1. Can you tell me the 0 to 90 degree angle between the C-alpha axis of helix 3-25 and the longest principal axis of the chain, rounded to 10?
2. Just check the chain against the gyration tensor rule for me: Cα atoms, a ≥ b ≥ c as the square roots of the eigenvalues, rounded for a/c under 1.5, and otherwise prolate or oblate depending on whether a/b exceeds b/c.
3. Excluding same-chain pairs closer than 8 in sequence, count the lysine pairs in the chain whose Cα atoms lie under 30 Å apart.
4. Mind telling me which of 22, 106, 83 comes out most flexible in a GNM of the chain, alpha-carbon contacts under 10 Å?
5. Given the DSSP H assignment, sum -39500 (n - 2.57) over each helix run of at least 4 residues in the chain and divide by its residue total; what's the result at 222 nm in deg cm²/dmol, nearest 500?
6. Express in nm, to one decimal, how much length is gained between residue 22 and residue 83 on full extension, taking 0.36 nm for each residue of separation and deducting their alpha carbon distance.
7. Please compute the length gained on full extension between residue 7 and residue 68, using 0.36 nm multiplied by the number of residues separating them and subtracting their Cα-Cα distance.
8. Report the Cα centroid-to-centroid distance between segment 12-64 and segment 83-107 in angstrom, as an integer.
Amino acid sequence: MKKADLILIAGVLIAAGILALVFFLKPAVAGDAAVVEIDGVETAAYPLTEERCETIETPYGKNILVIKDGGASVQDADCPDRVCAKHRAISMAGEQIVCLPHRLVVRIVGAEAPSGVDALAQ
């Protein structure tokens with residue numbers, strides 16, 4: 001290894017460390033609702049404050065969505081791998097559960113965190 005290689009590796013590690021800090025120090029925002037998308041089309045939205053059990057039927061199969069204790073999870077699915085049913089409950093804005101065989105996405109939406117900008121001057 002040459003000196004330039006070591007400098008390049010150190011630069012990449014420093015940049016990765018800075019990005020990791022920015023990513024992990026970002027404040028988590030509690031979600032308000034679980035949005036259901038099938039084939040990229042929003043089909044339903046359920047508030048996380050109301051406990052419910054919904055059967056979501058797609059042209060590709062069926063999933064059971066459970067909203068309980070402020071979180072959403074897929075309780076059961078008839079897809080072959082059932083990865084979505086093994087996923088933990090989600091409750092923070094931006095989190096999602098994806099069922100690829102059924103082309104289903106359940107994502108949590110919520111109020112955006114304040115950006116720190118009060119006004120823009122022109």
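1. Relative to the chain, helix 3-25 is tipped by roughly 40 degrees.
2. Working: a/c = 2.75, a/b = 1.57, b/c = 1.75.
Oblate is the answer for the chain, as a/c is 1.5 or above yet b/c matches or exceeds a/b.
3. Details: 26/68; 26/86; 62/86; 68/86.
Close lysine pairs found across the chain: 4.
4. 22
5. Values: 2 runs with 27 residues, N = 122.
Computed mean residue ellipticity for the chain: -7000 deg cm²/dmol.
6. Details: separation 61, 0.36 × 61 = 21.96 nm, distance 2.89 nm.
Additional length available on full extension: 19.1 nm.
7. Numbers: separation 61, 0.36 × 61 = 21.96 nm, distance 5.06 nm.
The span from residue 7 to residue 68 would gain 16.9 nm if fully extended.
8. Computed from Cα coordinates, the inter-centre distance equals 6 Å.
Quick note: the coordinates plus some simple rules give every number you see, no bench work behind them. Worth saying up front: this structure is predicted, and the values here are computed from it rather than measured.
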